[in-house]
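> Please read through the structure below; I'll follow up with questions.
The values are calculated or read from the model by the stated rules, or taken from the named source; none is laboratory data. Everything numeric in this text was worked out from a predicted model, so none of it was measured. Note: ideal-geometry Cβ built from the backbone for every residue, glycine included; neighbour counts use all protein chains shown. These area figures cover heavy atoms from the full protein model, side chains too; ligands, DNA and RNA do not enter into them. Shrake-Rupley method; radii C 1.70, N 1.55, O 1.52, S 1.80 Å.
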Amino acid sequence: MQLDHSFTVPAGLDDAWRLFQELDRVAPCMPGAVLDTLDDDSFTGRVKVKVGAVQMSYRGEGTVTRDGAARSMFLDLSGSETRGAGTASARVTATLSAAPAGTLVRVRTDLDITGRPAQFGRGIMTEVGDRIVQQFATRLEELLRDAGPAPSPTSTTSGAPVLRDGPAPEPEAIDLGAAALPVLLRKAAAPAAAVLCAVVVIQVLRRRARG
């Protein structure tokens, strides 16, 4: 499925573009995700999601390609459940452009997912994605406001840069079920209202018939 989202970063275009080059700073802003290694334009990481009482952890890898002239980034991501048969792959294009409030970021995602999260249709996934993207944008804003200069990555003896000494902590699961619940309730509101109106009409007709 194809998903489109957008948000505004409160920074100038050049500053926002520089920030987006620093994946080790930007990745922790994504709910449920942690970046394990970063080697030039390749990286590995984990994502943890929750649907109801069921938690799923994905481990995967990705590459990033940048177009400085167009201020756009292309990410090719793939992963699989650590304890399950579910898989996920995504091709993400992020394009930055100047806006009155800072920098507008447009994100287009071509998503292919199997397993429990696939139970959500495109409409629900789009609105769930909106909520996740807004959380991501809020954390980016906090990063721009509070963070100092980006730390330099350390290196392993093999020469592949890593983000930290030792294993990264487990990410906090992003609750897809909780994010989808308001959408499901809103979608159910119209049918429920129709049923309620039908009940009221039937009761009125019954009263008139008795009268």
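> Which of the numbered conditions does residue 105 fail, given that it passes all the others? Conditions: (1) surrounded by fewer than 17 Cβ atoms within 10 Å (Cβ to Cβ); (2) at pLDDT 90 or above.
Going through (1) surrounded by fewer than 17 Cβ atoms within 10 Å (Cβ to Cβ); (2) at pLDDT 90 or above one by one, residue 105 breaks only (1).
> Step by step: first the residues of segment 57-71, then only those that are part of a strand (DSSP E or B) and farther than 27 Å from residue 85 by Cβ, then the one that is least open to solvent (accessible area, probe 1.4 Å). Which residue is that?
64
> Evaluate segment 48-56: report whether one residue or more is farther than 19 Å from residue 105 by Cβ, of a type in the set (Lys, Arg) and open to solvent by less than 50 Å² (accessible area, probe 1.4 Å).
Yes; the residues of segment 48-56 include at least one that is farther than 19 Å from residue 105 by Cβ, of a type in the set (Lys, Arg) and open to solvent by less than 50 Å² (accessible area, probe 1.4 Å).
> Would a scan of segment 77-87 turn up a residue that is open to solvent by 30 Å² or more (accessible area, probe 1.4 Å), free of Cβ contacts under 8 Å to residues at least 24 places away in the same chain and closer than 23 Å to residue 130 by Cβ?
Yes.
> Is it the case that segment 1-10 has a residue that's touching a helix residue (DSSP H, G or I) at 6+ places or on another chain (Cβ under 7 Å), outside any strand (DSSP E or B), surrounded by fewer than 18 Cβ atoms within 10 Å (Cβ to Cβ) and touching a residue at least 24 places away in the same chain (Cβ under 8 Å)?
Yes: one or more hits.
> Please indicate, with yes or no, whether at least one residue in segment 50-58 is within 26 Å of residue 145 (Cα to Cα) and modelled with pLDDT under 95.
No, every residue in segment 50-58 fails to be within 26 Å of residue 145 (Cα to Cα) and modelled with pLDDT under 95.
> Turning to a different aspect of this structure: Could you grab the pairs with beta carbons closer than 9 Å, sequence gap of 6+ or different chains, first residue in segment 94-113 and free of Cβ contacts under 8 Å to residues at least 40 places away in the same chain and under 17 Å from residue 67 (Cβ atoms), second one among the β-branched types (Val, Ile, Thr) and surrounded by 15 or more Cβ atoms within 10 Å (Cβ to Cβ)?
Qualifying pairs under 9 Å: 95/105; 95/107.
> Need the failing condition index for residue 74 against (1) under 19 Å from residue 48 (Cα atoms); (2) open to solvent by 40 Å² or more (accessible area, probe 1.4 Å); (3) in a strand (DSSP E or B); (4) not β-branched (Val, Ile, Thr), just the number.
Unmet condition: (1).
> What number of residues within segment 41-65 are among the charged types (D, E, K, R), farther than 25 Å from residue 130 by Cβ and in contact (Cβ under 8 Å) with a residue 24 or more places away in the chain?
1
> Applying the selection to segment 117-135, what residues are open to solvent by less than 70 Å² (accessible area, probe 1.4 Å) and farther than 28 Å from residue 85 by Cβ?
Residue satisfying the conditions is 130 alone.
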